[in-house]
1. Work out how much length Asp222 to Thr553 would gain on full extension: take 0.36 nm times their residue separation and subtract the Cα-Cα distance, in nm to one decimal.
2. Sort 239-248, 263-272 by packing, meaning the average of other beta carbons within 10 Å per residue, with the highest value first.
3. Under 18 Å from the Cα of Lys536, which lysines turn up, not counting those fewer than eight places away in the same chain?
4. Any idea what Rg and Dmax come out to for the chain if you just take the C-alpha atoms, in Å?
5. If you stretched the chain out fully between Phe393 and Asp466, how much longer would it get, using 0.36 nm times the residue separation minus the C-alpha to C-alpha distance?
6. Project the alpha carbons of segment 1-118 onto their principal axes and report the range along each, largest first, in whole Å.
7. Which of the chymotrypsin sites (Phe, Trp or Tyr not before Pro) across segment 600-670 are loop residues per DSSP, with 15 or fewer other Cβ within 10 Å?
8. Per the helix-only calculation at 222 nm, which mean residue ellipticity applies to the chain, given -39500 (n - 2.57) for every DSSP H run of n ≥ 4 and division by its residues, nearest 500 deg cm²/dmol?
Amino acid sequence: MAQISTLQSLIAGRWLGESAAVPLHSALNNRVIYHTHAEKIDFDEAVTYARKTGVPGLMALDFQQRAARLKALALYLVERKEELYAISHLSGATRADSWVDIEGGTGTLFAYASMGSNELPSSNVLHEGPAIALGKKGGFAGTHILVPRGGLAVHINAFNFPIWGLLEKFAPSFLAAMPCIAKPATATSYLTQAVVRMMHESGLLPAGSLQLVIGSTGDLLDRLNGQDFVTFTGSAATAAKLRTNPNLIAQSVPFNGEADSLNCAILAPDVTPDDVEFDLFVKEVVREMTGKSGQKCTAIRRIIVSEHLMDAVGTRLRERLAKVVVGDPSIEGVRMGALASKEQQNDVAERVATLSQGNEVVFGAADGFSPLGDGALDGSFFSPTLLLCRDAFGNDAVHDVEAFGPVSTMMGYKDIDEALALAARGKGSLVSTLVTRDPKIAARVVPQVAATHGRVHVLERVASVDSTGHGSPLPQLKHGGPGRAGGGEELGGVRAVRHYLQRAAVQGSPTMLAAITGEYVRGADVNESPIHPFRKHFEDLKTGDSLLTHRRTVSEADIVAFGGISGDFFYMHFDEIAARESQFGKRIAHGYFVLSAAAGLFVSPGVGPVLANYGLDNLRFVAPVAIGDTIRARLTCKRKVDRNRKDVFGVGQGVVAWDVQVTNQNEELVASYDILTLVSKRE
């Protein structure tokens with residue numbers, strides 16, 4: 001027999017662990033495949049290393065540079081993914097299950113690299129503007145900034161997604177310059193160790209930005225302070241225990257919990273067995289029951305259908321479940337693998353026994369369950385199990401007890417109000433699915449379901465073409481839910497990065513605020529020079545570089561010409577009588593003419609460093625411009641973002657946001673907006 005490997009922790013930049021301790025078993029045949037290590041971890045050393053080495057290393061990079069590292073890391077892991085698939089097989093996962101874990105994890109890295117590149121500044125201060133005037137004379141203003149906390153993040157993960165669970169927490173905390181200490185669930189920690197080894201060997205991570213704990217967290221939580229952050233994914237009971245750690249409470253350490261929940265799927269009363277949506281509902285339920293062997297915090301645990309359709313839904317579900325082949329995923333035709341461990345198998349069996357009391361087993365082990373594979377009888381396989389509860393309002397267990405495996409309970413409702421009441425009985429869930437053809441039903445159901453669910457997935461034939469499904473958290477959308485689901489939030493785009501940053505209100509003069517935020521704030525000092533801002537390369541531009549243009553008087557000919565070019569003959573521009581009777585009392589120029597005229601005032605037409613205008617943000621037409629009014633514009637460099645990109649000729653370029661204020665002859669603001677341009681660097 002091959003020598004059993006001992007897993008190692010990554011602490012203070014070195015791998016720790018030689019002596020074997022707790023054996024870990026293959027989910028396929030229960031053979032010992034790894035051991036945890038017996039050596040005790042010095043958590044004081046780990047925390048000190050994160051603070052003194054990890055934080056400075058991450059702070060030496062800005063948001064943009066950390067985003068670039070994430071992309072490079074994702075590419076590095078993708079090149080080595082087959083090594084991870086081979087190890088993932090031992091956890092009982094099918095190729096499809098492993099894809100969600102492995103490529104879902106790297107996909108999250110790619111997503112945060114992209115979002116960071118597109119939405120975060122090339123600094124370590126994120127401005128939450130706009131600034132607000134706090135005085136009448138314009139000398140005092142306030143705004144909000146987000147800055148790195150200067151602490152570390154402890155990420156405690158569940159066994160079901162040992163790679164995705166690590167990476168979906170690591171990506172936003174890394175962007176936020178927060179080193180992390182990751183603690184995976186022991187049962188599948190061999191997969192987490194494998195991906196952390198790759199990340200460490202890549203050389204892409206600043207020293208101290210990632211540490212790994214195999215085994216117990218010991219006194220780690222007792223060593224944290226208010227600058228730190230703790231995240232947890234797992235059972236509600238464990239979340240409650242960790243949340244009440246005396247030191248976390250005493251130090252006001254933020255705690256984000258994401259707990260398993262009794263998610264539901266609702267088949268709306270407008271759907272009949274002849275509808276496409278009926279089949280979509282059945283397929284979604286079976287996919288969520290059997291994918292990852294039902295070991296997903298987002299899996300459908302409660303199937304809520306109209307009472308008159310319970311038999312029809314039950315028949316279709318039974319037919320589909322009967323076709324699911326269970327066994328060793330390496331065997332052709334196998335569609336569902338094993339649970340992660342014998343402990344998990346026993347736990348699910350106990351909970352199914354509880355749920356079966358007073359309910360019917362529509363499909364289960366008695367329906368020919370026989371997993372395929374050498375040693376499968378010793379493995380952690382469990383039959384897909386469908387229960388039927390005919391008294392869902394009288395049976396509390398179906399709303400309180402979760403079997404974390406391929407198990408779901410169907411229950412009926414008389415009307416949509418009962419369906420909503422059943423959904424709420426879950427006491428807070430991560431996700432719910434509503435299958436309906438009727439937008440009116442969706443408009444009624446979703447706001448109520450959203451009060452107790454973190455995500456609502458509406459499924460019908462149009463959405464089904466691209467739908468990622470009930471159980472797939474996406475990097476762009478929030479993951480988490482209220483109540484028993486933990487009350488926390490993960491992912492959700494750049495929101496997740498903001499969770500790890502510290503928000504502070506800042507007050508001062510506009511010039512001071514501009515210096516602090518790295519963005520021009522209106523009312524701040526500007527830099528005017530004989531060189532047009534559009535003639536400056538990216539490196540030479542400074543925030544606050546500004547141009548006050550010459551003036552232009554708007555004529556009737558301008559309005560007529562613009563209407564002819566644009567095809568916009570709106571009455572306010574051309575009907576003298578109607579315009580006179582309006583709130584403006586006269587004809588006014590097109591707002592987009594004002595926009596175009598302002599561009600004509602501030603552009604520098606010759607070839608120069610400004611390559612393209614690719615966006616317009618925060619556009620407001622503040623006041624009307626009438627025939628005979630005279631306008632001018634102030635163009636100011638508001639923000640520079642070095643995205644570390646080069647064009648096809650190898651010349652670097654960055655993004656510049658320009659603040660534009662258009663005023664009239666009375667110095668009144670008539671239009672306000674930001675222009676985004678690509679600006680080349682010097683060759």
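1. Extending this stretch completely gives an extra 112.2 nm.
2. Result, highest mean first: 263-272, 239-248.
3. Lys638, Lys640, Lys646, Lys681
4. When restricted to Cα atoms, the chain yields Rg and Dmax of 29.8, 96 Å.
5. 22.8 nm
6. On the principal axes, segment 1-118 reaches 49, 39, 16 Å in Cα extent.
7. Phe649
8. Helix contribution divided over all residues of the chain: -9500 deg cm²/dmol.
The values are calculated or read from the model by the stated rules, or taken from the named source; none is laboratory data. Note that this is a predicted model, so its numbers are computed, not measured. Positions of Cβ are generated from backbone atoms using ideal geometry, with glycine treated the same way; all protein chains shown enter the neighbour counts. In case anyone asks, the SASA skips ligands and DNA or RNA and just uses the protein heavy atoms, side chains included. Shrake-Rupley method; radii C 1.70, N 1.55, O 1.52, S 1.80 Å.
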